[in-house]
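Here's the structure, in structure tokens; my notes come after.
The values are calculated or read from the model by the stated rules, or taken from the named source; none is laboratory data. Model, not experiment: these values are computed from the prediction. Note that we place each Cβ from the backbone using ideal geometry, even for glycine, and neighbour counts take in every protein chain shown. All accessible areas refer to the heavy atoms of the entire protein, side chains included, with ligands and DNA or RNA removed. Shrake-Rupley method; radii C 1.70, N 1.55, O 1.52, S 1.80 Å.
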Amino acid sequence: MSANSATTSRRGILRAGLAAGVALPAAALSARAQGGPDPLITEVQDWARYTGEGVDETPYGLPIRFESDVVRRNVPWLTADPISSINFTPIHALDGTITPAGCAFERHHSGAIELAKPDYRLMINGLVDRPLVFTYEDLERFPRVSGIYFCECAANTGMEWAGAQLNGSQFTHGMIHNMEYVGVSLKTLLDEAGIKPEGKWIYVEGADASSNGRSIPIEKALDDCMVAFKANGEALRKEHGYPARLVVPGWEGNLWVKWLRRIEVTDGPVESREETSKYTDTLDNGISRKWTWVMDAKSVVTAPSPQVPITHGKGPLVITGLAWSGRGAISRVDVSTDGGKTWKTARLAAPGQPMQMTRFWLDHDWDGSEMLLQSRAMDETGYVQPTKTALREIRGENSVYHNNCIQTWWVRADGSAENVEVS
């Protein structure tokens, strides 16, 4: 573009529009509304006057200090000891869909262990033709598979069954991450061992003190499960099961056994502690149901929210959040500003993908009045995220797991927000 054609540029259009009295978007006007010269524009700052750090200053890159508040957080009173506990992904402070490994939530039953690659072994035994033991180097020689999947703890949002409890999307919905995994298809390893006809289930356990053993139907094991050793392009973090973990797309995180050490092919479920006394769903009649592995469609508004208040006052506001489903791709997300009385369809940042998190946006012109913010996800099966009332009619208030109800944030006129219940 030549200098003479500058009026056809965005800058030229804005200049011409102002001169002609043309109405411009509020966002454009607010961006230029200055009371006088801005020294950050008119004066040379230190970062432009002196040299910065060299390329070897941080051999493994770290977040800049201005983002030091974007960290996982624990709620001390949730568990007796942090050794067997949970911390939460700061979903309120992230954008996009991929969770940085350093922010991805942790759930441990006996603490994160250090297990070096040379010491790693994975055994496949039970109802197989050839019991096998793999080293880490063995796993690296098999054909690779990859996939982006969310991993959600079955207890995510569990505190909300009895009413609004924790104030912030990090704490209500932060037992989740969404990462790109690379590894070996579990089917490939099971085919190496050869499954006997009577083999209908597998039992998987980890190398940590808890072992966290879980039973999985053979159909799922042979479908899309993976023994992963990379996440987001690098080796797994210690807290995520280094050097190898199981990935079970769309199913509850407790099945994603970390530090995976043994896979036993069995003729039925083992009925371990983690699938009988734990990770079952108590119904309103007191009966608990088992094998509720799939994580149903769910969503949450991450901003504005209690940890992300509105600070800019009235005008253009981007309402954003995350949606996911263990049964397939997210097809649509609706957002309500009045507690579910009316809904508007949000924009999806990208078409939904099976068992992946999806980012949504709703561009809203906020008039400064109070809002009851909600989001409602739908997946490709036609399933619609339910209200808490609908869930309670079946499950009561004494459950812990698989709470995928619609969440409500009360946004006040001053921009602050609070977790409230609008059933």
Taking the range 212-244 and the residues there that are among the basic types (Lys, Arg) and open to solvent by 10 Å² or more (accessible area, probe 1.4 Å), the one that is farthest from ARG144 (Cα to Cα) would be LYS238
What's the number of the condition GLN353 fails, among (1) without any contact (Cβ under 8 Å) to a residue 12 or more places away in the chain; (2) open to solvent by 70 Å² or more (accessible area, probe 1.4 Å); (3) not β-branched (Val, Ile, Thr)?
(1)
Any idea which of (1) open to solvent by 10 Å² or more (accessible area, probe 1.4 Å); (2) in the same structural domain as GLU192 (by TED's automatic domain parsing) is the one ALA303 doesn't satisfy?
(2)
Quickly run through the range 124-152 and pick out the residues that are hydrophobic (A, V, I, L, M, F, W, C) and farther than 22 Å from ALA303 by Cα.
ILE124, LEU127, VAL128, LEU132, VAL133, PHE134, LEU139, PHE142, VAL145, ILE148
Does GLU252 count as touching a residue at least 40 places away in the same chain (Cβ under 8 Å) and open to solvent by less than 20 Å² (accessible area, probe 1.4 Å)?
yes
Of the residues in the range 127-139, how many are in a helix (DSSP H, G or I) and either of a type outside the set (Asp, Glu) or loosely packed, with under 13 Cβ neighbours inside 10 Å (or both)?
3
Determine which single condition GLU180 fails, assuming it passes every other condition in (1) charged (D, E, K, R); (2) touching a helix residue (DSSP H, G or I) at 6+ places or on another chain (Cβ under 7 Å); (3) closer than 28 Å to ARG359 by Cα.
(2)
Kindly list the number of the only condition in (1) buried (at least 17 other Cβ atoms within 10 Å of the Cβ); (2) in contact with a helix residue (DSSP H, G or I) (Cβ under 9 Å, 6 or more places away or on another chain); (3) assigned to a loop (DSSP other than H, G, I, E, B) that fails for ASN398.
(1)
Just one of (1) touching a Ser or Thr at 6+ places or on another chain (Cβ under 8 Å); (2) among the small types (Gly, Ala, Ser); (3) loosely packed, with under 14 Cβ neighbours inside 10 Å trips up ALA104, so point out which.
(3)
Subset of the range 401-423 [under 26 Å from THR282 (Cβ atoms), out of contact with any strand residue (DSSP E or B) (no Cβ under 6 Å at 6 or more places or on another chain), open to solvent by less than 20 Å² (accessible area, probe 1.4 Å) and not in a strand (DSSP E or B)]:
ASN403, CYS405
Cross-chain or 6+ apart pairs with Cβ under 6 Å, the range 162-180 first and closer than 11 Å to SER305 by Cβ, then assigned to a loop (DSSP other than H, G, I, E, B) and hydrophobic (A, V, I, L, M, F, W, C)
THR172/LEU166
